[in-house]
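Since the structure comes first, as structure tokens, the remarks are kept for the end.
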Amino acid sequence: MVTQKNLLFFLIKVFAVMAVLALSLLIEPNSKAQERPLRHDSGKTIAARQSDYVVAPRGSMPKRKVRVGLYENKPKVFMDENGRPSGIFIEVLDYIAQKEKWELAYAPCTWSECLLALEEGRIDLMPDVAYSMERNRKYDFHDEPVIESWSEVYAHNGAQVKSISDLNGRRLAVLEGSIQQEVLQLMMKGFGFEAPFVPTKSYEEAFRLAAGGAVDAAVSNHFFGNYYFQEYGLVKTPIVFNPASLYFITAKGRNSDMLAAINRNLQAIKSEPNSIYYKALGRWMERPRPPMMVVPRYLFWILGCIGGSLVLTLVVIVLLRQQVRARTRHLVQANELLRESEEKYSALYETSRDGIAFSNMDGNFLQANRAFLDMAGYEVQELKNLNYRQLTPGKWHTTDADILKTQVLPR
């Protein structure tokens with residue numbers, strides 16, 4: 001007889017077999033579906049499209065590859081001794097790339113080669129570029145500057161360069177195609193000076209030429225110059241010019257979203273104390289020095305006060321420079337008005353039909369216009385040998401003397 005216990009075991013076995021059969025029917029279609037190649041809308045399989053893009057892990061987006069030009073301009077942009085990109089711009093860009101999920105690929109090149117590669121689309125981004133109207137027509141800039149810079153002249157020790165007039169006739173090494181070359185050429189021409197420019201591929205080459213005496217001086221931005229002029233045995237001159245804002249740039253009309261991301265991140269890190277931006281500036285503004293003895297803590301407070309004073313001084317200097325520029329513009333305008341006034345007076349003096357003559361307090365003639373010369377019958381050189389009393393009736397001499405006494409102001 002079949003007991004209740006045996007019947008229960010039998011029913012459990014039947015139920016288990018049916019469950020296994022049901023699960024096998026559910027799993028088999030999915031397994032076969034996985035064996036079939038997945039296809040994109042275009043008809044290409046995923047496996048065939050793996051060369052077209054990088055497949056990212058589930059839940060993340062593929063990284064955007066950004067090609068960046070890398071030329072030598074310590075401490076802003078350069079390749080360090082270990083072959084790694086380094087400098088102020090590189091540290092800032094690496095941080096932004098991490099935030100924006102970019103994959104950076106640096107392409108070493110000279111300054112001119114980098115700009116050509118940008119224009120031809122072989123790189124996407126170029127760091128450390130000074131703004132100018134001409135460049136703005138060729139490239140796109142973001143709004144927030146990375147850092148501010150200016151240019152300086154560093155001379156060979158025996159060149160004795162104290163002012164811009166001392167550069168007249170001197171050989172100057174400049175970075176080929178740089179903003180310093182353009183501005184300094186215009187300045188020299190404006191002052192009426194001439195100097196042969198020797199173009200170089202890098203600032204290092206320019207400093208080597210100056211150190212070896214092949215040129216009298218080298219021109220660079222103050223970041224590189226102040227970092228290296230002592231190492232090359234050069235002298236820092238008082239000639240400072242061309243304050244400029246430095247940016248990342250892209251080719252005209254390309255990668256505007258990239259510039260927008262850089263601008264957005266720059267504004268964020270520049271407004272945040274102790275951010276990567278200020279750490280990078282602090283690390284590269286001066287040459288690394290050997291380790292020193294630990295100084296008392298109170299000296300740090302003193303240095304902080306000095307730093308605050310320097311910042312205040314820089315603010316005052318910037319305000320003073322703005323005032324100087326404004327007054328310079330007014331002076332140029334005043335000089336132009338004066339020149340126009342002198343031209344009008346000169347034309348009136350020369351073309352007047354009335355005789356006009358000038359004499360000193362002793363009555364000796366100094367100058368006269370053509371109408372006076374024709375009236376007197378003398379030429380200028382002959383007239384200068386005469387006294388006006390010789391040409392006027394004697395009855396007027398007393399009146400003339402009285403006029404001089406009442407018109408002459410006390411000294």
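Would you list TRP150, TRP301, TRP102 from the most to the least accessible area, probe 1.4 Å?
Values: TRP150 90, TRP301 190, TRP102 20 Å².
Listed by decreasing accessible area, they come as TRP301, TRP150, TRP102.
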*For the range 245-386, what size does the Cα cloud have along each of its three principal axes, sorted from largest down, in whole Å?*
89, 52, 24
_Given Cα positions, please report Rg to Rh for the range 167-211, the hydrodynamic radius being the Kirkwood one._
0.97
*Quick one: what does P(r) look like for the range 351-391 with 10 Å bins over all Cα pairs, in whole %?*
33, 59, 8
*Mind grabbing the accessible area of ARG84 for me, 1.4 Å probe, Å², rounded to tens?*
130 Å²
*What does the convex hull of the Cα atoms come to per residue for the range 119-195, in Å³?*
139 Å³
*Quick one: dipole size for the range 153-269, taken about the Cα centre, charges +1 on Lys/Arg Cβ and -1 on Asp/Glu Cβ, in debye to the nearest 20.*
180 debye
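Leaving ligands, DNA and RNA out of it, report the carbon-plus-sulfur percent of the accessible area of the range 131-195 at a 1.4 Å probe.
Working: 1640 of 3370 Å².
Carbon-and-sulfur percentage of accessible area, whole number: 49.
Whenever you get a sec, line up THR237, THR110 from highest to lowest accessible area (probe 1.4 Å, protein heavy atoms).
If we order THR237, THR110 from most to least accessible, we get THR110, THR237.
Which sequence of ASP402, ASP354, ASP128, ASP166 reflects their accessible areas, 1.4 Å probe, from the largest down?
Values: ASP402 80, ASP354 105, ASP128 5, ASP166 45 Å².
From most exposed to least exposed: ASP354, ASP402, ASP166, ASP128.
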*Can you give the accessible area of SER149 in Å² (nearest 10), computed on protein heavy atoms with a 1.4 Å probe?*
10 Å²
*So how many Å³ per residue does the convex hull of the Cα atoms of the range 168-250 work out to?*
105 Å³
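Past 19 Å, Cα to Cα, is the threshold; run LYS201/LYS279; LYS74/LYS252; LYS74/LYS236; LYS74/LYS101; LYS65/LYS99; LYS162/LYS236 against it and keep the listed order.
On the way: LYS201/LYS279 30 Å; LYS74/LYS252 27 Å; LYS74/LYS236 17 Å; LYS74/LYS101 27 Å; LYS65/LYS99 14 Å; LYS162/LYS236 10 Å.
Flagged as over cut-off: LYS201/LYS279; LYS74/LYS252; LYS74/LYS101.
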_Angstrom value of the Kirkwood radius, inverse mean 1/r, which spans all Cα pairs in the range 304-411_ = 18.8 Å
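Accessible area per residue of the range 167-259 at 1.4 Å probe, in Å²? Walk me through the numbers before you get to the answer.
On the way: 3960 Å² over 93 residues.
Per-residue accessible area for the range 167-259 comes out at 43 Å².
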*asked:* Under the rule of at least 5 residues apart or a separate chain, name every residue whose amide H is placed under 5 Å from the amide H of ILE239.
replied: VAL153
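Please calculate how many Å² of accessible area the range 297-352 carries per residue, with a 1.4 Å probe and no DNA, RNA or ligand atoms counted. All intermediate terms of the calculation are to be shown ahead of the outcome.
On the way: 5140 Å² over 56 residues.
That works out to 92 Å² per residue.
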*Counting pairs of alpha carbon atoms under 8 Å apart in space and at least six apart in sequence, what relative contact order in percent does the range 168-298 give?*
21 percent
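The values are calculated or read from the model by the stated rules, or taken from the named source; none is laboratory data. Since the model is a prediction, treat every value here as computed from it, not as a measurement. Every residue, glycine among them, receives a Cβ derived from its backbone with ideal geometry; neighbour counts consider all protein chains shown. Side chains are part of the model used for accessible areas, which takes the heavy atoms of the whole protein and leaves out ligands, DNA and RNA. Shrake-Rupley method; radii C 1.70, N 1.55, O 1.52, S 1.80 Å.
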